[in-house]
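Engineer: A single structure is presented below for examination.
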Amino acid sequence: MSIEQSDKIDFISITKSGKVQLTISDHLEWNNEEMHLLILQKKINAYLDFIQSEQIFEDYPNAKNRELKISVSMKYEPTENSLQTLENFKNFISEQGIEFDWNLIEDNA
C-alpha cells in the first residue's frame, strides 16, 4: 500500500498508549510539491471517510472506544511550505477529534 492508493488503508495498529493509528506510507519526493500535497490530501480525506462512515469499526472492531490517530510516515523531508500545509491538516483533523502527526522514516542502510 502507498500514498498513491487512496482507496486503501496502508496500516492500522494500536500504539503503546492504546490509540488506534492509521498510517499513511508516503514514499514520494517533494520535487513536485503541489502534486504531492494533492495526493496526500486525497489520501487523508479517504482516511477521514473511513473513520466518519464508521467503516473502521466494521473492518477493525478493536478500534471501538479508542482514540484515533492518523500518522504519515514520510521517506523524504517535507519542504517548508508543505510543513505549513501539514500543520493546517493537523488543525482541521484535530477539530474532528482525531490526532494527526507525521514523521520521517530513518534510512538504516
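The values are calculated or read from the model by the stated rules, or taken from the named source; none is laboratory data. The model shown is predicted, which means the values in this text are computed figures rather than measured ones. For neighbour counting, all protein chains shown are included, and Cβ atoms are generated from backbone atoms with ideal geometry for every residue, glycine included. Only protein heavy atoms, including side chains, enter the accessible area calculation; ligands, DNA and RNA are left aside. Shrake-Rupley method; radii C 1.70, N 1.55, O 1.52, S 1.80 Å.
Engineer: Residues of the chain: accessible area per residue at 1.4 Å, in Å²?
Structural biologist: Values: 6750 Å² over 109 residues.
Per-residue accessible area for the chain comes out at 62 Å².
Engineer: I've got another one for you. How much net charge surrounds residue 84 when only other residues with a Cβ under 12 Å from its Cβ are counted (Lys, Arg +1; Asp, Glu -1)? Numbers along the way, then the final one.
Structural biologist: Values: positive: 90; negative: 33, 80, 87.
With Lys, Arg at +1 and Asp, Glu at -1, the net is -2.
Engineer: I would also like to ask the following. Give the long-range amide H neighbours of residue 28: residues separated by 5 or more places, or on another chain, with amide H under 5 Å away, using H modelled in the peptide plane at 1.01 Å from N.
Structural biologist: 75
Engineer: In degrees, nearest 10, range 0 to 90: what is the angle between the Cα axis of helix 33-52 and the longest Cα principal axis of the chain?
Structural biologist: 0 degrees
Engineer: Using only C-alpha atoms and all pairs of different ones, pull out the Kirkwood radius for the chain in Å with one decimal. Could you put the intermediate results ahead of the total?
Structural biologist: Details: mean 1/r = 0.0701 Å⁻¹.
Averaging 1/r across every pair of different Cα atoms and inverting gives 14.3 Å.
Engineer: Quick one: length gained pulling residue 66 to residue 92 fully straight, 0.36 nm per residue minus the C-alpha distance?
Structural biologist: On the way: separation 26, 0.36 × 26 = 9.36 nm, distance 1.98 nm.
Value of the extension gain: 7.4 nm.
Engineer: Gain in length, residue 12 to residue 81, computed as 0.36 nm per residue apart minus the alpha-carbon separation, to one decimal in nm? Intermediate values should be presented prior to the final figure.
Structural biologist: Values: separation 69, 0.36 × 69 = 24.84 nm, distance 2.83 nm.
Contour length minus Cα-Cα distance gives 22.0 nm.
Engineer: Hey, which aspartates and glutamates would be in cross-link range of residue 19, C-alpha to C-alpha under 15 Å, not counting anything within fewer than 8 residues on its own chain?
Structural biologist: 67, 99, 101
Engineer: Excluding residue 46 itself, what net charge comes from residues whose Cβ is under 12 Å from its Cβ, given Lys and Arg +1 and Asp and Glu -1?
Structural biologist: Around residue 46, the surrounding residues sum to -1.
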